[in-house]
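Participant: This structure is in structure tokens; I'll ask about it shortly.
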Amino acid sequence: MRSQRSRMLACLTVAGLVAVGPGITRAQDVVKFGVSTPLSGPAAPWGIPHKNATELIFDEINAQGGLDVGGKKYKLEVVAYDHKYVIAEGVATVNRLIAKDGVKYVSILGGAVVKANEEAVNEGRVLNLPLAYADGLVSPKNPLTFHSFPAPPETTSFWKWVKQNHPSLKRVATISPNDDTGWWSIKVETTFIQKLGYETVAKEFFERTMTDFNPVLLRILTQKPDVISVLASPAGSVGLIIKQARELGFKGRFIHIGQVDTSVVANIAGKANVEGMWVHGFVQTPLPERIKSWQTRYTKKYGEWNATSIDFANPAFAFVAAVKKAQSFDPKKVADALGVVEFDNLWGKAHFGGKDYYGIGNQIIYPMPFSEVKDGVATLVTQLLPPHN
Amino acid sequence: MTPALFVQSAIIGVSLGSIYILMALGLTLMFGMMHIINFAHGAVYMLGAFVIYYVFFQGGMPYFVAFVASMVLLGIFGYLVERSIYRPIKGGIEPTLVALLALTTFLQAAGYPVFGQLDKHVPPVFPGTRNILGVGISIERLMIIPVAAALVIGLYLFINNTRLGAAMRAIEQDKEAAALQGVNVHVVNGLAFAIGFALAAASGALMAPIFKLDPMMGEQPLLKAFIIIILGGLGSIPGAILGGLMLGLIDSIVATALGAEPAFLLSFVFIIMLLLFRPTGLFGYAS
Amino acid sequence: MLEVENLWVRYGTVEAVKGVSFSVPAGSIVSLIGANGAGKTTSLRALTGLVKPGAGELRFGSTSLVGLAPHQVVGLGIAHVPEGRRLFPKMTVLENLTMGAYRRSRADVASTLIMVYEHFPILKERGRQLAGSLSGGEQQMLAIARALMSRPKLLLLDEPSMGLSPIMTAEVGKIIRQINALDVSIILVEQNAMLALTLAQYGYVLQTGQLVMQGKAQDLLRDEGVKKAYLGL
Amino acid sequence: MPLLETRDLTRLFGGLAAVNGVDLTVDKGEIVGLIGPNGAGKTTCFNLLSGFLRPTRGSIVFDGEDITGLRPHQIAARGLVRTFQLTTLFQEMTALENVLLGLHLHSGKGPRQVLFSRRDFPADEIARGRDVLDFTGLAAHAHQLSRNLPHGHQRVLGIAMALAAEPRLLLLDEPVTGMNLDESGRVMDLVKTIRSRGTTILLVEHNMKAVMGTCERIVVLNFGRKLAEGTPSHVSTSPEVIQAYLGTGVAHA
Amino acid sequence: MRPKLGVPIVLATVVGLALLVPRFGGDYYVHVFALVFTNVILAASLRPSLTCGQLNIGHSAFMSIGAYTSALLAKNLAVPFEISLVCGALLAAAVGLAIGYPSLRLRGVYFAMVTVAFVEVIRLIAQLWVSLTRGMSGLSGIPKPSILGMTLTTRASQYYLVLGLTLVILLVLWKLEHSRLGLIWKSIGLGDNLAQSLGVDIARHKLLAFMLGCFFAGTAGAFYAHFIRFLFPPEFGFLMATNILVYNYVGGRGHFVGPVVGATFLSLLSEPFRGSPYETIFFSIAMLLTILFLPGGLITLPRKLAELRWWRTASSPTPSPAA
């Protein structure tokens, strides 16, 4: 009986300790910005730059005394939780940000996690600046969600350039992860390029854990494509696809639409194999001054450079700009400001738009570089705005 | 499917099967002797690949040296796992299983901070392609086949022609009788752990230059190895070889014809059907 | 050569051996007889470290066997042919024999093998056959031969006549004598009292874990008490 | 009509016949002993009778019904219950729980009683369990974990469990193994009492004193075949049996 | 042995505290504990099967079946929550029957392997049957739970729902474990031959224990679906399956509260490490240490500690009652 009771007491103590949790009280003039992102596990290469970029921008503002709103200086603070790309964790962390930390602005990474939190965000009247590829996210029913990352509909413009400058290319094969992202990007892209007169000869999907692409590629290559579009596949997968496709004798070009670091791809695929690859949203030379400076600051603070941080800084840039414009921390007012403000991100002038396409102007729009890999270096070809504004 | 495509996917299947075989052999060996399923096998595969990354790519040693280092280091690790986890649990099958699961989770989770977040890669050791029967196959894929075959033959010779190998077979058949012949059962169990781990490391090391490296890379091969040993019969070495080859071919040919996921689903359904009608696998024997 | 003093062994709550003492003089055959469950097998298992004795002293020459693992006991020159033979059924006869010499050098193995084949010519014929495919008598021969491969000074035989026909039993008896003639001491555990007592110089009768009788084998052979202990007359 | 009758009961393992053409009958109310040297096929015989092994050949008829090939629980449900040589009881349960398990066959309680009664077990079942413990002299140990009971009590508890299943024929596998004279005497007395309450008994036992003193009829097996059959005095004086037991010596060469 | 007053007091305290969580914990801890209770149901429902000696590493598959069934019924056919929950649980049990019946003759590791394979099959089906489950897009728009037509809109009301479900399920499982049925399961795990010889139809009882577990896992899944309101096939994979098994071993196999303690402890263990990338590392180390140093699970910890204290104060070793 003694042991039973003490057993129970032990459990209760654990529960109690957990309930008390980390400290809560903070000074009045600190504004908290929530980040729910994968900080561990396979998706951490996205989550870590997400958190780091946000922190870096806020730190620089804080170093200058803070953000000036209504004549008062406010310090900005990032509250980041790891959701490991697990839905239950994603929902729990966002709930924690809203219910426990009292955060009014969040940035969630990952399509499935953002979707799982759609209602929590709407019902909690919280401003969300997500980074995700997820169909249906930018929609009139999510007025407080401002998608801060170029999604497939924003990245198709380069096909016009390709059509003009490489008219011999006709047959396009697409391959993408077997998930929302993949389906959506293939759907958007095929619709777009078919209008331009291209023939889509293969639509293949692969499991994110896949490493042996030979079977998929064998199917694709029997269709004799001129170009293989890997859409926004992760860098590791792209590297393997390119390497294995070349081994199987593919001589054509590859296109990536998702800001992939071509040097990471080349590491896996081999430098020679990525030659001529087109990539949208990434450039190595000539590098704009603003990005060079960002790279220096980022590397100084965090050590390892991650090119993903360039675009993942958008939520912080947008948030700061909108608060300045609104001169208020009220999410509704900040949201209104987001709808009209024009601000600088690392590529140039950015704003939220896309009303024609989405029915609501909550999609970030900014010029993205379009590069070709020459001598192993992603060299800028042109800068392109999305097809819709 | 054209004949050329078939040949191409069949050759790739054999190469893939060779890797599967190496993975499955260690698992089946450890099961035969100790009746445990080594859930940490995938994590060991991953570590084996990372040894190549550090010793061959970062350290600049010849690939062959790194390959041997990978097998040796992970072999030692296997022996230590026997000493520090398997032995204290005293042969409890289910606690061992849970402990090995915990070890796997630990190795995977610790892998990210230790190895870094980004996918790692190892440059190809045998670059280029070769034309076989009119189709191109990458040389590094082809090279897997002889290396894996050499390891399988080596293992076969070791088990059948050496004293320790005989002791392993003896323990598999009757642990107590083996002890009565003077076999130190603990040491030989440790050896089985070492060999099992070394084989998993070898398959990881072979795959390192071909695929990319990340701490979770062992999950899929582990599931494949599970399928194989169920297919071939738990504890059966010929079964693991046949099962590995079969699965390699299914994965390549069926996946080329129908797509990767249907192939994966098919192999699982196949397994469940097989287990229901022949519970001991193709080569298994009732205990 | 072997001294067992006040040996106690328990399995859970079962006291299988309760204070048994016996000794084996060098070069002799000593037999432990008694009905099933008398504690004979358990005593042997305690000697080779297969079970841990609860109390008691086991001395082989001047070495204490208490706390040694089976492979260490074998290393001292004690071989144990367990009950039910316990061959490696999926190994050939030759491999089984080689296993018997596990702790010895290759050169020794070869010479011992010649010696063993002299005593068991049938095993030489069946060298490449799987042990599991042998007949009961042949299996018993192989079990004994395997134990001899370690060139033991002391051989523990547990129920070598079990399940054997009278002719095979006699054959086994003959072999036991031959082995003893090679200066190997033997502990013979048998239910077949006649066999055991005709072979042994000295005998111990066990009943429910205790020693109930001991004496010269010939005396025990004539003793009606032994018969009683067996048939409950 | 005999309660149990086997015809040509045979079981081969590999090519070897562990039980070979055994015809065995047990009449209602008898105590029959099944003896023989080690490896004679007694345990295999028990496993065949209780359904744990399927006979290669031959038939088993219990109370007029052919039970050949039935599964063990089906055979038990017909009133043929066995005990085991080694695993005689559930070590991690109390004595009472062991017996309650034995009552399993004859308690027709549905899920409603299981879920909505305040007690874990219906009172009448507990009472019946206690009766069995009383009868076997274990009442004082009802709530002790059976692994903590002394060996003799454990063996008796094994019999008590089987009794709780209300067998018509009880197969006892070495009930007095490892017991001293006193204990085995008491167990054999218990066996006689059980018989006097109407349960027929077939037992395998090595302790000859116990067998000879209890059984009315003894069947001797050797090499899987029936070697002899008859009263204890007949069997114990049969030269064949003595030879089978004590064995043959080796001719002094 | 059996405490007369202690258990009710402790139980009342625990339930009382649980009832107070929404009062003092705020929405977040309400959320966390709702998930803890889901895990508790999952862990406890695995116990009957484990008690029968069946190593089931596929429990999450049945959770997934319950979750998808209930979600789809409620979303597509507007079936009331109570009914969709039961349908989910029943379908999970029915699939349990279909997979359990043929695999009954498989023992130990073979059975475990079938269940591992089954997790992957169910995950792949959820992933590939896009027209039904929306595959890797994830199934969203699942209605909130309701009772008698009243939608439970607040987190707190959903929390009370799962608390109620948990208590009912634990009570049922407790009753079963302490009835003859539980005794039979235990007997099958301890010695199936002996159980058979007493007339226990072990096949039927193993199947029953397995299906019962599937039913409750399906229930937990159904609640989860309407609570999180987004289903994503990889959630119910191998990791979740092994976690459920681990809860049982870390908590302890020896007593009914084992899985409850294990699930609670391990689910809450992640809370202090939310923002840390090292959470999983701590989790796995805790698992490993428990298996190695507390083979009886966390429920034996108080006894171990008491023994330690006893050793320090006592000068002579413990006299064991058996000695």
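Participant: Express as a percent, rounded to the nearest 5, the fraction of DSSP beta bridges in the protein assembly as shown (both residues included) that run antiparallel.
Facilitator: Rounded to the nearest five, the antiparallel share is 50 percent.
Participant: I would also like to ask the following. Evaluate peptide B:234-240: per residue, the Cβ atoms of other protein chains within 10 Å of its Cβ; return the mean as an integer.
Facilitator: If you average over the peptide's residues, the count of other-chain Cβ atoms is 1.
Participant: Charges only on Cβ, +1 for Lys and Arg, -1 for Asp and Glu: so what's the dipole of segment E:120-184 about the Cα centre, in debye to the nearest 20? Don't jump to the answer; show the numbers that get you there.
Facilitator: Details: 6 positive and 2 negative charges, 22 e Å.
I would put it at about 100 debye.
Participant: On to the next question. From the C-alpha gyration tensor of segment D:1-157, pull out the three semi-axes of the equivalent ellipsoid (sqrt of 5λ each), sorted largest to smallest, in whole Å. Intermediate results must be reported in sequence, preceding the final value.
Facilitator: Values: eigenvalues 227, 74, 42 Å².
Value: 34, 19, 15 Å, ordered largest first.
Participant: Can you give the accessible area per residue of chain C, in Å², using a 1.4 Å probe?
Facilitator: 38
Participant: Compute a Gaussian network model of chain B, connecting alpha carbons closer than 10 Å, and tell me which residue from B:Arg163, B:Arg87, B:Arg141 fluctuates the most.
Facilitator: It is B:Arg163.
Participant: Now a separate question. For chain E, what is the relative contact order in percent, using Cα pairs closer than 8 Å and at least 6 residues apart in sequence?
Facilitator: Taking the mean separation of contacting Cα pairs over the length of chain E, I get 29 percent.
Participant: Moving to a separate point now. Can you work out the accessible area per residue across chain A, with the rest of the protein chains kept in place, probe 1.4 Å, in square angstrom? Could the numbers behind the result be given before it?
Facilitator: Numbers: 14060 Å² over 389 residues.
I get 36 Å² per residue for this part.
Participant: By a straight-distance test (C-alpha under 17 Å), which aspartates and glutamates pair with A:Lys349 as possible cross-link partners, with residues fewer than eight away in the same chain excluded?
Facilitator: A:Glu154, A:Glu289, A:Asp311
Participant: Counting DSSP beta bridges with both partners in chain A, what percentage is antiparallel, nearest 5?
Facilitator: That works out to approximately 35 percent antiparallel.
Participant: A further question follows. Give me the mean projected area, in nm² to one decimal, of the convex hull enclosing the Cα positions of the protein assembly as shown.
Facilitator: Spelled out: convex hull of the Cα atoms, projected over all directions, averaged, 58.5 nm².
Participant: Under 21 Å Cα-Cα from B:Lys212, which lysines qualify once same-chain neighbours fewer than 8 residues away are excluded?
Facilitator: Reachable lysines: A:Lys84, A:Lys243, A:Lys271, B:Lys120, B:Lys224.
Participant: A:His351: accessible area at probe 1.4 Å, nearest 10 Å²?
Facilitator: 50
Participant: Mind putting a number on the dipole of segment E:2-312 about its Cα centre? Charges go on the C-beta only, +1 for Lys and Arg and -1 for Asp and Glu, and I need it in Debye to the nearest 20.
Facilitator: 580
Participant: Suppose every Lys and Arg Cβ carries +1 and every Asp and Glu Cβ carries -1, with no other charges. What dipole size does segment D:1-110 come out with about its Cα centre, to the nearest 20 debye?
Facilitator: Charge dipole of segment D:1-110: 260 debye, to the nearest 20.
Participant: With θ set to phi - 60° and the Karplus curve 6.51 cos²θ - 1.76 cosθ + 1.60, what are the ³J(HN,Hα) couplings of segment C:169-179 in order, to the nearest whole Hz, using x for Gly and Pro?
Facilitator: 4, 5, 4, 4, x, 4, 4, 4, 4, 4, 5
Participant: If I ignore ligands, DNA and RNA and count only protein heavy atoms, how much of E:Glu271 is accessible to a 1.4 Å probe, in Å² to the nearest 10?
Facilitator: In the full protein context, E:Glu271 sits at about 10 Å².
Participant: How high is the relative contact order of chain B, in percent, with contacts defined as C-alpha pairs under 8 Å that are six or more residues apart?
Facilitator: In percent, rounded to a whole number, it is 38.
Participant: Would you list which lysines come within 19 Å of E:Lys144, measuring only between C-alpha atoms, while excluding same-chain residues fewer than 8 positions from it?
Facilitator: Excluding near neighbours in sequence, the set is A:Lys115, A:Lys141, E:Lys75.
Participant: Right, another one. For segment D:120-253, which whole percent of the accessible surface, found with a 1.4 angstrom probe, sits on carbon and sulfur atoms? Show your work: numbers first, answer last.
Facilitator: Values: 2850 of 5310 Å².
Roughly 54 percent, rounded to a whole number.
Participant: If you take the accessible area of A alone, add that of E alone, and subtract the area of the pair, what total do you get in Å², probe 1.4 Å, to the nearest 100?
Facilitator: That pair hides around 3800 Å² of surface in total.
Participant: What's the carbon and sulfur percent of segment C:86-158's accessible surface, probe 1.4 angstrom, rounded to a whole number?
Facilitator: 54
Participant: A follow-up question, please. Rounded to the nearest 100 Å², what is the buried accessible area between C and D, both sides summed, probe 1.4 Å? Kindly include the intermediate steps, with their values, before the conclusion.
Facilitator: Numbers: alone 11110 and 12720 Å², together 21440 Å².
That pair hides around 2400 Å² of surface in total.
Participant: Return the average number of partner chain Cβ atoms within 10 angstrom of each residue Cβ along peptide B:103-112. All intermediate terms of the calculation are to be shown ahead of the outcome.
Facilitator: On the way: counts 4, 2, 11, 8, 2, 6, 12, 5, 2, 11.
The mean count of partner-chain Cβ atoms within 10 Å per residue comes to 6.
Participant: Positive end of the dipole of the protein assembly as shown, charges at C-beta (+1 Lys, Arg; -1 Asp, Glu), about the Cα centre: which of C:Ala69, D:Val99, E:Ala220 has its Cα farthest in that direction?
Facilitator: Farthest towards the positive end: E:Ala220.
Participant: Could you check which residue among E:Thr280, E:Thr151, E:Thr51 shows the biggest mean-square fluctuation in a GNM of chain E with a 10 Å Cα cutoff?
Facilitator: Highest fluctuation among the options: E:Thr280.
Participant: May I ask you to derive the relative contact order of segment E:1-124, considering only C-alpha pairs under 8 Å and at least 6 residues apart, and to give it as an integer percent?
Facilitator: 26 percent.
Participant: Accessible area per residue of chain E at 1.4 Å probe, in Å²?
Facilitator: About 38 Å² of surface per residue is accessible.
Participant: Counting protein heavy atoms only and a 1.4 angstrom probe, how many square angstrom of accessible surface do chains B and E bury in total, to the nearest 100? The partial results should precede the final answer.
Facilitator: On the way: alone 13340 and 17120 Å², together 27110 Å².
Chains B and E together bury roughly 3300 Å² of accessible area.
Participant: Moving on. Quick one: pull the percent of accessible area on chain A belonging to carbon and sulfur, 1.4 Å probe, ligands and nucleic acids left out.
Facilitator: C and S fraction of accessible area: 54 percent.
Participant: To the nearest 0.05, what FRET efficiency results for A:Ser328 and A:Glu123 with a Förster distance of 22 Å applied to their C-beta separation?
Facilitator: Values: r = 22 Å, r/R0 = 0.98.
E(calc), rounded to 0.05, equals 0.55.
Participant: Then there is this: Tell me, which residues of segment D:127-173 get at least 40 Å² less accessible area when the other protein chains come in, versus the chain alone (1.4 Å probe)?
Facilitator: Buried by 40 Å² or more upon assembly, which counts only protein chains, are D:His151.
Participant: Continuing with the same structure: Compare each residue of segment E:165-181 in its chain alone against the assembly with all protein chains, and report those whose accessible area goes down by 40 Å² or more; 1.4 Å probe, heavy atoms.
Facilitator: Hits at the 40 Å² cut-off: E:Lys175, E:His178, E:Ser179, E:Arg180.
Participant: Also, quick follow-up: So how long is each side of segment B:3-277 along the principal axes, counting just the alpha-carbon atoms, biggest first, in Å?
Facilitator: 58, 48, 35
Participant: Right, here's the next one. Place the peptides A:244-250, A:286-292, A:372-378 in order of packing, highest mean first, counting for every residue the other Cβ atoms within 10 Å and averaging per peptide.
Facilitator: Highest mean packing first, the order is A:244-250, A:372-378, A:286-292.
Participant: What residues does segment A:196-224 have that are buried by at least 20 Å² of accessible area in the full protein assembly compared to the chain on its own, 1.4 angstrom probe?
Facilitator: Residues passing the criterion (a loss of at least 20 Å², heavy atoms only) are A:Glu207, A:Thr209, A:Met210, A:Thr211, A:Asp212, A:Asn214, A:Pro215, A:Leu218, A:Arg219, A:Thr222.
Participant: Now for a separate question. How would B:Lys224, A:Lys332 line up by accessible area, probe 1.4 Å, largest first? If you can, show how the numbers build up before the last one.
Facilitator: Details: B:Lys224 20, A:Lys332 120 Å².
In descending accessible area the options line up as A:Lys332, B:Lys224.
Participant: Take the Cα pairs of chain E, get the Kirkwood Rh, then feed it into Stokes-Einstein at 25 °C and 0.890 mPa s and tell me D in µm²/s.
Facilitator: Translational D for this selection: 118 µm²/s.
The values are calculated or read from the model by the stated rules, or taken from the named source; none is laboratory data. Quantities reported herein were computed from a predicted structural model and do not represent experimental measurements. Please note: Cβ atoms are built from the backbone with ideal geometry, for glycine as well, and neighbour counts cover all protein chains shown. Note: accessible area is taken over every heavy atom of the protein model, side chains too, but ligands, DNA and RNA are not part of it. Shrake-Rupley method; radii C 1.70, N 1.55, O 1.52, S 1.80 Å.
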